[in-house]
1. Could you list, in sequence order, the residues of segment 155-175 that are farther than 30 Å from residue 99 by Cα and either free of Cβ contacts under 8 Å to residues at least 12 places away in the same chain or in contact with a His (Cβ under 8 Å, 6 or more places away or on another chain) (or both)?
2. What is the one condition in (1) outside any loop (DSSP other than H, G, I, E, B); (2) in contact with a helix residue (DSSP H, G or I) (Cβ under 7 Å, 6 or more places away or on another chain) that residue 140 does not satisfy?
3. Being over 16 Å from residue 218 (Cβ atoms) and of a type in the set (Lys, Arg) is the filter here; which residues of segment 114-136 pass it?
4. With the condition kept exactly as written, say whether any residue in segment 211-219 is under 29 Å from residue 96 (Cβ atoms), out of contact with any strand residue (DSSP E or B) (no Cβ under 8 Å at 6 or more places or on another chain), open to solvent by 20 Å² or more (accessible area, probe 1.4 Å) and modelled with pLDDT of 95 or more.
5. Residues in segment 81-134 that are on the phi > 0 side of the Ramachandran plot, open to solvent by less than 50 Å² (accessible area, probe 1.4 Å) and assigned to a loop (DSSP other than H, G, I, E, B): how many?
6. Any residue at all in segment 148-169 that's closer than 20 Å to residue 232 by Cα, of a type outside the set (A, V, I, L, M), open to solvent by 40 Å² or more (accessible area, probe 1.4 Å) and more than 24 Å from the chain's Cα centre (by Cα)?
7. Mind listing just one residue for me: the one in segment 133-154 that is of a type outside the set (A, V, I, L, M) and touching a strand residue (DSSP E or B) at 6+ places or on another chain (Cβ under 9 Å) and, of those, nearest to residue 100 (Cα to Cα)?
Amino acid sequence: MARRKKYEQDNENHERWLISYADFITLLFAFFVVMYAVSVVNIGKYTVLSEALGDAFGGRGAANKSNTMVEVEALPLSAILAHKRAEAAKRDRERLELLAQKLDSILKPLVDTGKMRVTQTARGVTLEINASALFDEGDATLTPTAQETLRTVADLLKADPHGIEVEGFTDNTPIGNPAFASNWELSAVRATTVVRLFAANGVAEERLAAVGRGANRPIASNDDPAGRARNRRVAVTILSGANS
């Protein structure tokens, strides 16, 4: 009798490995399904997959299961990333558009007289300031009125995350001033002066850059006084996210 009982126990345990093997195959299948799901982003099918896995493993998917059939075409990862970049660029343009409106509003008296101009391009928002509104002729020291105006601009820009490039421009008339060897120096020092004021009024230094352009890139003819006056300017560009 003892020998027969031992035989029956051995016979009971003989097939138990199949249970472990079946569990392993189930988990392996679930792993490959999940790997496939994350390689092709599809919101509708991801929801269905999540509910199916919840049902299979006793989660909450069964309780939230929906009979609605979702058919959304699978998108490759590159298309998802391109869509995200486009959305980010759109939000950036909208933010810069609002900034341009605020600049135009707070500087309206100077904009109306033509001494300042606010424009928006793919590069960013540019505040173009006539040099006569900032400096005395041949000088790179900001006038008291100009300092007050630029402090107002700095207050608006210091909370904004975009990079800022300040460019100085002159006309093509050679400078006859012992303080500056050429228009290059004058334009560069004027740009640096504006940058220093911004930094002193709360704009992060790592966002700022100063560039001296001299007589290059004129926006009007240098053949007459009015054109030369337009070319003597400082341009403050709040760079878009793609150009920062």
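The values are calculated or read from the model by the stated rules, or taken from the named source; none is laboratory data. Computed from a predicted model, the values in this text were never measured in an experiment. When we count neighbours, we look across all protein chains shown, and the Cβ atoms used for this are built from the backbone with ideal geometry, even at glycine. Remember, those area values only see protein heavy atoms, side chains included, never the ligands or the DNA or RNA. Shrake-Rupley method; radii C 1.70, N 1.55, O 1.52, S 1.80 Å.
1. Within segment 155-175, 174 is the sole residue that qualifies.
2. If we test residue 140 against (1) outside any loop (DSSP other than H, G, I, E, B); (2) in contact with a helix residue (DSSP H, G or I) (Cβ under 7 Å, 6 or more places away or on another chain), just (1) comes out false.
3. Residues satisfying the conditions are 115, 123.
4. no
5. 0
6. For segment 148-169, residues closer than 20 Å to residue 232 by Cα, of a type outside the set (A, V, I, L, M), open to solvent by 40 Å² or more (accessible area, probe 1.4 Å) and more than 24 Å from the chain's Cα centre (by Cα): absent.
7. 149
A quick yes/no check of all residues on (1) of a type in the set (A, V, I, L, M, F, W, C); (2) farther than 23 Å from residue 124 by Cα:
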{"residue": "161", "(1), (2)": "no, no"}
{"residue": "183", "(1), (2)": "no, yes"}
{"residue": "187", "(1), (2)": "no, no"}
{"residue": "192", "(1), (2)": "no, no"}
{"residue": "206", "(1), (2)": "no, no"}
{"residue": "211", "(1), (2)": "yes, no"}
{"residue": "220", "(1), (2)": "yes, no"}
